[in-house]
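Peer 1: Quick one: this structure, given as structure tokens, is what I'll be asking you about.
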Amino acid sequence: MKRLLLLLCLLGIAWPYYQIILFIKANDWSWSTSLFFEQINANEGMKILNADLTVAATTFLVFLIHLLIKRSITSVQFFKYLGALFLVGFSLALPLYLYEHYERFK
């Protein structure tokens, strides 16, 4: 299981960044924040996915803050997961947390 979580960490980095590269390529290798947000909110299906991901990532962030307050994780760990969440996304942050705390969940 731990190997699967590591694979999911790698996939959680590669897949989102691959999609970003495709977006930039489709826009003549330039970044447009307004176009990005326009496209991710283009229809109700995308809005459902955005809402779901926002709630899940926010829940994970609140959970991390709770663990930090309880001193179940160190501030270094907290900032590592926070960086994974905001620099890559929930697709890395959750598998990374589960990978590093696998023994607790056995």
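Okay, residues lined up against (1) within 23 Å of residue 17 (Cβ to Cβ); (2) under 10 Å from the mean Cα position of the chain (by Cα):
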| position | (1), (2) |
| --- | --- |
| 52 | yes, no |
| 57 | yes, yes |
| 62 | no, no |
| 70 | no, no |
| 85 | yes, yes |
| 88 | yes, yes |
| 95 | yes, yes |
| 100 | yes, no |
| 103 | no, no |
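Peer 1: Let me ask something additional. Kindly check whether there is at least one residue in segment 49-64 that is free of Cβ contacts under 8 Å to residues at least 12 places away in the same chain and over 20 Å from residue 90 (Cα atoms).
Peer 2: Let us first name the residues in segment 49-64 that are free of Cβ contacts under 8 Å to residues at least 12 places away in the same chain, namely 49-52, 54-55, 58-59, 62-63.
Of the ones still in play, those that are also over 20 Å from residue 90 (Cα atoms) are none.
Among the residues of segment 49-64, not one is free of Cβ contacts under 8 Å to residues at least 12 places away in the same chain and over 20 Å from residue 90 (Cα atoms), which makes the answer no.
Peer 1: Taking the conditions exactly as written (free of Cβ contacts under 8 Å to residues at least 24 places away in the same chain and either touching a Leu at 6+ places or on another chain (Cβ under 7 Å) or surrounded by 11 or more Cβ atoms within 10 Å (Cβ to Cβ) (or both)), does residue 67 satisfy them or not?
Peer 2: Details: free of Cβ contacts under 8 Å to residues at least 24 places away in the same chain: yes; either touching a Leu at 6+ places or on another chain (Cβ under 7 Å) or surrounded by 11 or more Cβ atoms within 10 Å (Cβ to Cβ) (or both): yes.
When the stated conditions are applied, residue 67 passes them.
Peer 1: Further question: Only residues in segment 1-20 that are surrounded by 12 or more Cβ atoms within 10 Å (Cβ to Cβ) count as the first member; pair them with residues that are among the β-branched types (Val, Ile, Thr), Cβ under 9 angstrom, at least 6 apart or cross-chain, and list the lot.
Peer 2: Once the first residue is surrounded by 12 or more Cβ atoms within 10 Å (Cβ to Cβ) and sits in segment 1-20, its partners that are among the β-branched types (Val, Ile, Thr) give 12/88; 13/88; 16/88; 17/88.
Peer 1: Follow-up. Quick test for you: out of 26, 56, 51, pick the one residue that is under 18 Å from residue 97 (Cα atoms) and modelled with pLDDT of 90 or more.
Peer 2: On the way: 26 fails: under 18 Å from residue 97 (Cα atoms); 51 fails: under 18 Å from residue 97 (Cα atoms).
Testing whether each residue is under 18 Å from residue 97 (Cα atoms) and modelled with pLDDT of 90 or more leaves just 56.
Peer 1: Could you list all residues from segment 1-50 that are over 20 Å from the mean Cα position of the chain (by Cα) and among the charged types (D, E, K, R)?
Peer 2: 25, 28, 38, 44
Peer 1: Go through 55, 76 for me and flag whichever is β-branched (Val, Ile, Thr), surrounded by fewer than 10 Cβ atoms within 10 Å (Cβ to Cβ) and in a helix (DSSP H, G or I). Quick ask: steps written out before the conclusion?
Peer 2: On the way: 55 fails: surrounded by fewer than 10 Cβ atoms within 10 Å (Cβ to Cβ).
Selected residue: 76, the only one of 55, 76 that is β-branched (Val, Ile, Thr), surrounded by fewer than 10 Cβ atoms within 10 Å (Cβ to Cβ) and in a helix (DSSP H, G or I).
Peer 1: OK, next. Evaluate the following for residue 13: is it farther than 30 Å from residue 100 by Cα and either acidic (Asp, Glu) or in a helix (DSSP H, G or I) (or both)?
Peer 2: Numbers: farther than 30 Å from residue 100 by Cα: no; either acidic (Asp, Glu) or in a helix (DSSP H, G or I) (or both): yes.
No: the conditions fail for residue 13.
Peer 1: Listed residues 96, 68, 82, 61; which is touching a Lys or Arg at 6+ places or on another chain (Cβ under 8 Å) and either among the aromatic types (Phe, Trp, Tyr) or in a helix (DSSP H, G or I) (or both)?
Peer 2: On the way: 68 fails: touching a Lys or Arg at 6+ places or on another chain (Cβ under 8 Å); 82 fails: touching a Lys or Arg at 6+ places or on another chain (Cβ under 8 Å); 61 fails: touching a Lys or Arg at 6+ places or on another chain (Cβ under 8 Å).
Within the list 96, 68, 82, 61, the selection yields 96.
Peer 1: Could I ask something else about it? Among the candidates 91, 32, single out the residue that is touching a residue at least 60 places away in the same chain (Cβ under 8 Å) and of a type in the set (Gly, Ala, Ser). If you could, list the steps in order and put the result at the bottom.
Peer 2: Numbers: 32 fails: touching a residue at least 60 places away in the same chain (Cβ under 8 Å).
Answer to the check: 91.
The values are calculated or read from the model by the stated rules, or taken from the named source; none is laboratory data. The model shown is predicted, which means the values in this text are computed figures rather than measured ones. Neighbour counts are summed over all protein chains in view; Cβ atoms, including those assigned to glycine, are modelled from backbone coordinates with ideal geometry.
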